[in-house]
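The next block holds one structure in the form of C-alpha cells; read it before the comments.
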C-alpha cells in the first residue's frame, strides 16, 4: 500500500512539473474552466430569475446550485486523476506501448489509470467546493456531523462509480475499431449525471430514469451526495450508492482484465 | 455554349477539381458508419436532459406561462432547432487543422499544388456536412416526430426557403469565422487555447443554451451587444426564423446584417491568409 502511495505522489509531481513547462498553456486551460463555470452560473442565474423564485423538480435556486457545485467538483476529480489515463488506453493498445506497462512489477490497472495527472482541471474541484459552500450558506441549512461524514463517503462512492464507468467504456474501446471520440462519448454519457434525478418524470421518461438509477446507475453518482446535504441523509439511497460503487469497481476491473486478455502486443 | 465546350472550359476544370475533392471526402466519411451511429445515439442524451430540464423549469415557474415571450412548447422547439442550426454551422477541427498545418509546415501542400487552401477546405466541409446531415437525418426526423406536439408555432412552409438560406448563411459564417481563428496561427505559435476560449464563449453567445431574449431583462448590455455580433447567426437566428419569431422588416434587416458579416469574415480570412503567407517560412520536413 505504501509503495502505491509513493508512486502516486511521484506521478503527481511529474505531472505538475510537465504542466509547469508549458505555463501559459496551463493558465489558458484553467481560464477556460473558470469561463465555463461562469457561463453555467449566468445560465442558472438567468433561469431562476426568469422563474420568479420557483424551484426545478423540487430543487430551489440554492439547492440546485449546490447540485451544480457537487457535479463540478466530482467531475473535476475524475478529469484530474483518471480521464486522460483511461482515454489513452486504446492508444496504448494500438501502438503496442502497453507492453512496458504490463512488464512493471505493479498492478497494471493502478499504473494505467493513474499515471498522468492533469493538474489543469484540479482548480475545478476547488471551484466546485466553493460553489457548494456559497450555496449551502445561502440555503441557511444546518448540517449534522453524520450528514457531513455521509456526504464525504457518498462523494467518494460517486467518484468510484464514475471511474468504473469510465474504465468500462475505455476497455470496450479496445475492441472497437475507431475511438478518437472517446472523450466526447464520455462527455455525452455523463450528461446524465449533470441533472437531478427528479427531472425524469412522465409516462415515457420515468422508466428511463429507473433504468439509469438501478440498471446503469449513472444518476446515483451526483444525486445521492448532493441530496444528502440538501435534504438530509436518505439511508436507502445511501446504502444503494455504497453497494453499487463496490459492485461497479469489481465489475470494471473484470472488464478491464478481459480487455487486456485480447491484447496481442501488435506493434513490435 | 454547348456542354462539350463547357466541360473543357477553364472555369469548369477548376470547379471539377473541387467537386472531386468533395466526392472523395464523402466516401471517406461514410466508411465509418458504425462510429457515426453510436455517436449519433449518444448525442441524443443531452437533447433528452435539456427537454426534461426546461419542462421542469416551466413546471416550477411561479408567475405566468411564458419566459421572455416563449411558451414551454416554443422553448423546447427552439432548443431542438438549435441542433439543426449547429448541424450546419459547427466546424469541428477546422481552426485547429489550419493551425496545425501552419505549425508543422504541411501548409506547403497547398502552395505547391494549383489548389487554394480556403476553397479546398470549403469543399471538404461541404462533403463532411452532407454526409453528417444525411446520416443523422433519420434519427433527427424521429426526434422531431416524437416532439411534434411542441411545434405549435412555426413560420409555415412559405418560409422554408428563407430558413434554408439562414442555415446556409450560418454554415458559411461558421466556416469563415473558424478559418480566421485557425489563420491566426501564422502569428501565434499556439492557437489551441484561443480555440477553446472562443468555442466555450460561442456556446453561450450564439444562443445554444437558451434564446438570447432571456438576457434582455437582467443583462441588457450583453443582450444589446450580441445583437450586432455574428455569433447569433450560427444558432439563434435560423431557429427564430423557423419559429416565425423573426419576420417582416426585422427579418430583412437581420439577413442584410448576416450577409454583411459573411462579407467581412470571408474577405477578412482571405486577407489574413494572404498576409500570413508573406511571413510564412515553411518549417518542418
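Please treat every number below as a calculation from the coordinates, not as lab data. Because the structure is a prediction, the values reported are computed rather than measured. Heads up, the Cβs are rebuilt from the backbone with ideal geometry, glycines too, and the neighbour counts pull from every protein chain shown.
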Q. Angle between the Cα long axis of helix B:94-104 and the longest principal axis of chain B, 0 to 90 degrees, nearest 10?
A. 30
Q: Please order A:70, A:86, B:22 by the number of other Cβ within 10 Å, starting at the fewest.
A: B:22, A:86, A:70
Q: Please give the average number of partner chain Cβ atoms lying within 10 Å of the Cβ of each residue in A:200-207, rounded to a whole number.
A: 2
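Can you figure out the FRET efficiency of residue B:225 with residue B:146, using R₀ = 41 Å and their beta-carbon distance, to the nearest 0.05?
Details: r = 37 Å, r/R0 = 0.90.
Taking R0 as 41 Å, the efficiency between residue B:225 and residue B:146 is 0.65.
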Q. How well do other chains shield peptide A:43-56, expressed as the mean number of their Cβ atoms within 10 Å of each residue Cβ?
A. 6
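For B:266, B:11, A:265, B:89, which order do you get if you count the other beta carbons within 10 Å of each Cβ and list the fewest first? Before the final figure, lay out the partial values.
On the way: B:266 19, B:11 8, A:265 11, B:89 26.
Fewest-to-most ranking of B:266, B:11, A:265, B:89: B:11, A:265, B:266, B:89.
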**Q.** Simple label model, 7 Å out from Cα along Cβ direction - residue B:164 to residue A:143, nm
**A.** 5.8
(Q) For chain B, set up a GNM with springs between Cα atoms under 10 Å and report which of B:208, B:13, B:227 has the largest fluctuation. (A) B:13
(Q) Contact order normalised by length for segment B:183-269, with contacts defined as Cα pairs under 8 Å and 6 or more residues apart; what percent is it? (A) 23
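Once you average over the residues of B:186-192, how many Cβ atoms of partner chains fall within 10 Å of each Cβ? Show your work: numbers first, answer last.
Details: counts 0, 0, 0, 1, 4, 0, 3.
If you average over the peptide's residues, the count of other-chain Cβ atoms is 1.
Rounded to the nearest 0.05, what FRET efficiency do residue A:23 and residue B:113 give with R0 = 30 Å and r taken as the Cβ-Cβ distance? Could you check? Present the calculation step by step, with values, prior to reporting the outcome.
Working: r = 39 Å, r/R0 = 1.30.
After rounding to 0.05, the efficiency reads 0.15.
Counting helices only, and only those DSSP H runs with n ≥ 4, report the 222 nm mean residue ellipticity of chain B as the sum of -39,500 (n - 2.57) divided by its residues, in deg cm²/dmol to the nearest 500.
Working: 14 runs with 206 residues, N = 285.
The per-residue figure over chain B is -23500 deg cm²/dmol.
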Q. Using the Cα gyration tensor of segment B:163-285, with a ≥ b ≥ c the square roots of its eigenvalues, what is the shape: rounded (a/c below 1.5), prolate (a/b larger than b/c) or oblate (neither)?
A. prolate
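Name the shape class, rounded, prolate or oblate, that the alpha-carbon gyration tensor gives for segment A:115-170, where a ≥ b ≥ c are the square roots of its eigenvalues, rounded holds for a/c under 1.5, and otherwise prolate holds if a/b is larger than b/c and oblate otherwise.
oblate
When a/c is below 1.5 the answer is rounded, else prolate if a/b is larger than b/c, else oblate, so apply that to segment B:3-278 with a ≥ b ≥ c taken from the square roots of the Cα gyration tensor eigenvalues. Please list the in-between numbers first.
Numbers: a/c = 1.81, a/b = 1.59, b/c = 1.14.
Prolate, because a/c is 1.5 or more and a/b exceeds b/c.
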Q: Could you calculate the contour length gain from residue B:281 to residue B:68, that is, 0.36 nm times the residue separation minus the distance between their Cα atoms, to one decimal place in nm?
A: 71.4 nm
Q: Quick one: compute the contact order of segment B:3-278, relative version, from alpha carbon pairs under 8 angstrom and 6+ residues apart, as a percent.
A: 28
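Hey, fewest Cβ within 10 Å first, where do B:279, A:257 land in order? Before the final figure, lay out the partial values.
Working: B:279 8, A:257 12.
Least crowded to most crowded, the residues run B:279, A:257.
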Q: Would you mind checking the tilt of helix A:61-78 against the longest principal axis of the Cα atoms of chain A, expressed as 0 to 90 degrees and rounded to 10?
A: 10
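Over all directions, average the projected area of the Cα convex hull of the protein assembly as shown and note it in nm².
Numbers: hull surface 120.7 nm².
Directional mean of the projected Cα hull area for the protein assembly as shown stands at 30.2 nm².
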Q. Say each of residue B:260 and residue A:94 gets a label point 7 Å from the Cα, pointing the same way as Cα to Cβ; how far apart are those two points in nm?
A. 4.6
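Work out, step by step, the length gained on full extension between residue B:134 and residue B:192: first 0.36 nm times the residue separation, then minus their alpha carbon distance; give nm to one decimal. Working shown, then result.
On the way: separation 58, 0.36 × 58 = 20.88 nm, distance 2.99 nm.
Full extension of this stretch gives 17.9 nm more.
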Q: Describe numerically, in nm with one decimal, the distance between label points set 7 Å from Cα along Cα→Cβ at residue A:152 and at residue A:208.
A: 3.8
Q. If R0 is 51 Å, what FRET efficiency do you get for residue A:39 and residue B:11 from their C-beta distance, rounded to 0.05?
A. 0.65
